[in-house]
């Protein structure tokens, strides 16, 4: 199967990671002054603290008229209201005291639960024997448990993913069934996918929210830098990046995220959020984001940990660039994000990895 060859995006990835590091350091240096100014303003949080959020993520490369590499992702996430009594006494206090970074006594605390499935395919899906230099077929189905501690200006998330890679992830059967329903061509190489392997990832991420509502009471801009890391047999990496949002009645959360490790939706941090506000319940905004990752382990490219399997040589640095739009009407939030990902492995050819990400959430 002949595919057009585009110039490599690898030099851009290295430059992007340096830029992200510079932005993150600058954000950290400025954050203490900005935080004290914002925190001193009298903003109520009663409604925000009592509001859980349920979010559905759907990601697919069909939005970019393609069907390869990161082919599809679905994630269902629930994030609780503020756990007012959590950590006050007994075993809960023991857990909170043991958690690094997130045991601030003055912060809102939320528990999150997610169920997700992701699938990866090569460019040529017509052959029954996949090209050994192309991305292996792989599926990943998991449960994710998260604990979030946040104020109006900083958020910490610790999450644990438990799942399975391989045939019992049911990713191959899911794609075959959906393609049959919609009349799309079947991918013939799923019999050569990675073997079954239990997967565990431990994820930590910190986000800051700077310049919140900097223009006026209704029209605002904010900058949300983040740093984090994942440790596990499925994915081990360190990441950093940021999001810029501009719009009307910006939500008081920590930005739009993709259906990736550590993303579980966002509950409001104060009562100015249009999902819980008594004076305005509409918002529209645009955003742009970047995330860079220094990768030590990617099972979907490196292959199975303890068994011989298809594999390719991964790129050590990968970046995502994205832009999109968000809309809030009452307690509902809708977002669409268009994402371009730099080359993930050294023999990657053809078009860049492009996909769209939709999310629908309800605060209830």
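The values are calculated or read from the model by the stated rules, or taken from the named source; none is laboratory data. This structure is a prediction, so every number in the text was calculated from the model and none was measured. Cβ atoms come from the backbone with ideal geometry, glycine included; neighbour counts cover every protein chain shown.
Answer with yes or no whether residue 200 is modelled with pLDDT of 95 or more, touching a helix residue (DSSP H, G or I) at 6+ places or on another chain (Cβ under 7 Å) and within 23 Å of residue 296 (Cβ to Cβ). Explain how you work it out, then say what you get.
Values: modelled with pLDDT of 95 or more: yes; touching a helix residue (DSSP H, G or I) at 6+ places or on another chain (Cβ under 7 Å): no; within 23 Å of residue 296 (Cβ to Cβ): yes.
The answer is no for residue 200.
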- Query: Is it the case that region 269-290 has a residue that's touching a residue at least 60 places away in the same chain (Cβ under 8 Å), surrounded by fewer than 21 Cβ atoms within 10 Å (Cβ to Cβ) and touching a strand residue (DSSP E or B) at 6+ places or on another chain (Cβ under 6 Å)?
  - Reply: yes
- Would a scan of region 165-184 turn up a residue that is buried (at least 21 other Cβ atoms within 10 Å of the Cβ) and assigned to a strand (DSSP E or B)? yes
- Residues of region 310-323 being within 16 Å of the chain's Cα centre (by Cα) and either surrounded by fewer than 21 Cβ atoms within 10 Å (Cβ to Cβ) or without any contact (Cβ under 8 Å) to a residue 24 or more places away in the chain (or both), which ones? 321, 323
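Take region 203-251 and flag every residue that is outside any strand (DSSP E or B) and at pLDDT below 95.
Of region 203-251, the ones outside any strand (DSSP E or B) are 209, 211-218, 233-234, 249-251.
Across region 203-251, the qualifying residues are 209, 211, 212, 213, 214, 215, 216, 217, 218, 249, 250, 251.
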- Message: Suppose we filter 157, 141 for residues that are touching a residue at least 60 places away in the same chain (Cβ under 8 Å), part of a strand (DSSP E or B) and surrounded by 18 or more Cβ atoms within 10 Å (Cβ to Cβ); which single one remains?
- Response: 157
